[in-house]
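Working notes for the structure below.
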Amino acid sequence: MMPEQSRERKRAVSLSDALRALADDASALGPSPSVEAALREELRLRARRRRPVWVAWGAALATCAAALVLMLPRPTAVRPTSQSLTPWYYNQGLPPARQGGIVRVKVSKSMAGSFGVPVPVTNSPDLTADLFIGEDGMTRAIRFVK
Amino acid sequence: MELLAPGTATHIRANVNHDEATLVSRLRTGDEAAFAVVFQLHKGPVYRYALRMSGCPQTADDVTQEVFLALIRGVGTFDPARGSLLAYLLGAARRQVYRRLDTPASLEDPISTDDPVADSDPLAGLLREEQVALLRQALATLPPHYRETIVLCDLEELDYADAAQALGCPIGTVRSRLNRAKNLLWERLNAMRCLS
């Protein structure tokens with residue numbers, strides 16, 4: 001091998017080794033975490049923008065339905081009472097209710113008399129009553145709240 | 001995916017370009033898993049290229065963010081037939097870097113290619129850390145178009161085809177520019193060693 005070629009080869013090897021060392025020295029370098037955070041935020045924005053139209057419409061309909069439910073009159077909160085419920089005559093012939101709920105209502109004295117249960121004595125023109133309504137929507141029992 | 005050996009610069013080989021196209025299309029729909037793969041594989045080379053070209057970590061961060069933001073937003077078209085995703089990203093990084101450096105990216109060689117190369121080895125007798133420090137300084141003094149050729153071909157281990165795509169020039173130009181760049185780097189190393 002000519003001396004010139006030998007020198008060139010030696011130089012190339014020396015430089016190549018040094019460049020390899022320089023590359024290794026910086027191999028762990030990378031962008032700061034804030035770069036990745038910003039890029040992920042952009043991804044999320046894009047994912048939100050690309051949701052199908054029916055998802056947006058579904059979300060809007062669900063919101064409207066929830067608003068309607070909230071606007072419906074809700075039964076007054078029932079305070080616990082020690083009085084027991086009296087089976088109401090409507091109960092006759094109906095299957096026993098396994099589940100149900102108490103709904104508190106106000107009734108006039110005249111109407112209360114027609115329920116067939118003892119009416120408490122009071123000066124108020126109206127009476128408060130708890131109705132036990134079965135899962136089928138039929139009233140099973142009643143009690144007057146003093 | 002075929003990766004280079006751990007501990008070296010890692011990047012996807014050109015023969016999986018079709019998978020890269022799938023990853024990019026998923027990424028553009030907001031798929032975080034696809035993003036994680038692409039970002040993990042390519043953030044290092046893009047950042048290091050920008051850092052070596054600008055010499056500023058903040059600029060390197062900005063360039064890296066801009067390059068991946070453009071990829072997510074679909075600015076520009078990645079064509080797997082033209083080269084690997086890494087080459088595409090480095091090409092985008094190069095445009096960002098040159099915009100910030102305010103230097104024309106198509107700068108031609110202002111230095112004679114026939115300059116005699118010094119015989120003495122400026123790296124001989126130096127410890128590894130000293131070699132790395134000297135080389136880093138010498139590399140920073142090279143004109144950008146030489147520096148980037150060494151950064152891509154030698155430090156980030158791109159093949160000539162990928163380097164040519166990133167640099168926007170023919171493969172033959174990459175080869176000749178790399179040769180000139182190494183000669184010039186050797187001269188600079190010698191000059192710096194003489195001064196020290």
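Any read-out appearing in this document is the output of simple, stated calculations on the displayed coordinates, not a laboratory observation. Since we're looking at a predicted model, the values are computed, not measured. Cβ placement follows ideal geometry from the backbone for every residue including glycine, while neighbour counts extend to all protein chains displayed.
List of remarks:
- Mean Cβ neighbour count within 10 Å, used as a protection proxy, ranking A:129-141, B:162-174 highest first: B:162-174, A:129-141
- Partner chain coverage, peptide B:28-35 - average Cβ within 10 angstrom: 4
- Note on A:32-42: average number of Cβ atoms from other chains within 10 Å of each residue's Cβ is 5.
- Count Lys and Arg as plus one, Asp and Glu as minus one, and take only other residues whose Cβ is under 15 Å from that of A:T86; the net charge is then +2.
- Summing +1 for each Lys or Arg and -1 for each Asp or Glu among the other residues whose beta-carbon sits under 11 angstrom from that of A:T122 gives +1.
- Here region B:128-195 is treated with +1 on each Lys and Arg Cβ and -1 on each Asp and Glu Cβ, and its dipole about the Cα centre works out to around 340 debye.
- Anchor B:K43: aspartates and glutamates whose Cα lies under 14 Å away (excluding residues fewer than 8 positions away in-chain): A:E36, B:D61, B:D62, B:E66, B:E156
- Region B:14-101: C-alpha gyration tensor shape, a/c 1.5 cut-off, then a/b vs b/c: prolate
- Residues B:M53, A:M111, ranked from the fewest to the most other C-beta atoms within 10 Å, line up as A:M111, B:M53.
- Rounded D (µm²/s) - region B:128-195, Kirkwood Rh over Cα pairs, Stokes-Einstein at 4 °C, 1.567 mPa s: 106
- Across region A:86-145 the C-alpha pair distances fall into 5 Å bins from zero in the proportions 4, 19, 29, 23, 14, 8, 3, 0 percent.
- FRET efficiency, 1/(1 + (r/R0)^6) with R0 30 Å, evaluated for A:V119 and A:A65 via beta carbons: 0.15
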